[in-house]
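Values quoted throughout were computed directly from the atomic coordinates according to the rules given, and no laboratory measurement underlies them. Please read these numbers as outputs of a predicted model, since none were measured by experiment. Cβ placement follows ideal geometry from the backbone for every residue including glycine, while neighbour counts extend to all protein chains displayed.
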Amino acid sequence: MNSLIAEALSTTGLTMPQITAIRLVAHAGTLTMTQICNEMNASPSTVAGIVDRLEAAGIVERKRSEEDRRVIFVSISSKGSDKAELARTTINTCFSKAFESLAEEELAAIEHGLDAVLDRSISHARSRSMLPFAIITISLALVFYTTAVWWEKATGMLRGRHILFFWLGLLCDTAGTTLMAKIAGEVFRLDFHGITGALAIILMLFHALWGTLVHASRREEPKLRFHTFSVFVWGLWLVPYVSGMAFGMGLLK
């Protein structure tokens, strides 16, 4: 297919890299040289050579930014727009000729493959967009839970505000673990990451429930001694929390 397209486009007198640059600029209207480099995954010197030749042919125009003289904008000319449209039409014709000889089953297989690629791309994009929220919520779990435990110890007695922070930590840890699982593509896996994540949540839930019951009781002595239990559970919770988070981040690289 690539050779067929290259042969058809050879009549335009342009190379494939030049046509790629023209189509990028024509689609965007205006791009900086850096943006063209990024889109083409090419070095600045390579793109500079391409743009030099296109500008000499009157296909693109260059203008230096007035705010930052280091930035150079590249825009399409009317001649360049015609070239971009010719390239688009030529490429579409090549695809039409290539596909018209295929059987219906072959076309269905190609469509299925393209759908799979699109779904995977969308899933990857969604995962990347969810990752910052997952990291933030898991980090908040550490902040809320650690603050609650050591605040309670400094106060010397279990109070309602400590219980509130226990539950906020549990909520953030659960939300962060759930987001990480969605990014990984599964709700729960019976492996190191899944087990440690579940264990951390179970420890927090047990601690928050027990703390709520102790606080609701009328006895003062359990409230005075509860911080010892809190520190102990917090220490245990850190093990699955830190190891699970580290393991999960390693999987997402």
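Which length gain, in nm to one decimal place, applies between Thr89 and Leu171 when the Cα-Cα distance is subtracted from 0.36 nm times their residue separation?
24.0 nm
Once the piece of chain linking Asp115 and Thr228 is laid out straight, how much longer is it, given 0.36 nm per residue of separation minus the C-alpha distance between them?
The span from Asp115 to Thr228 would gain 35.1 nm if fully extended.
Let's test this: bin the Cα-Cα distances of segment 2-101 at 5 Å from zero up to the farthest pair and state each bin's percent.
Final binned percentages: 2, 13, 24, 23, 18, 10, 5, 3, 1, 0, 0.
Want the number for Glu105 to Ser45: 0.36 nm per residue separation, take away the alpha-carbon distance, what's left?
Once the chain is fully extended between Glu105 and Ser45, it gains 17.1 nm.
In nm, to one decimal, how far is the modelled label at Leu213 from the one at Met157, with both set 7 Å along Cα→Cβ?
Label at Leu213, label at Met157, 2.2 nm between them.
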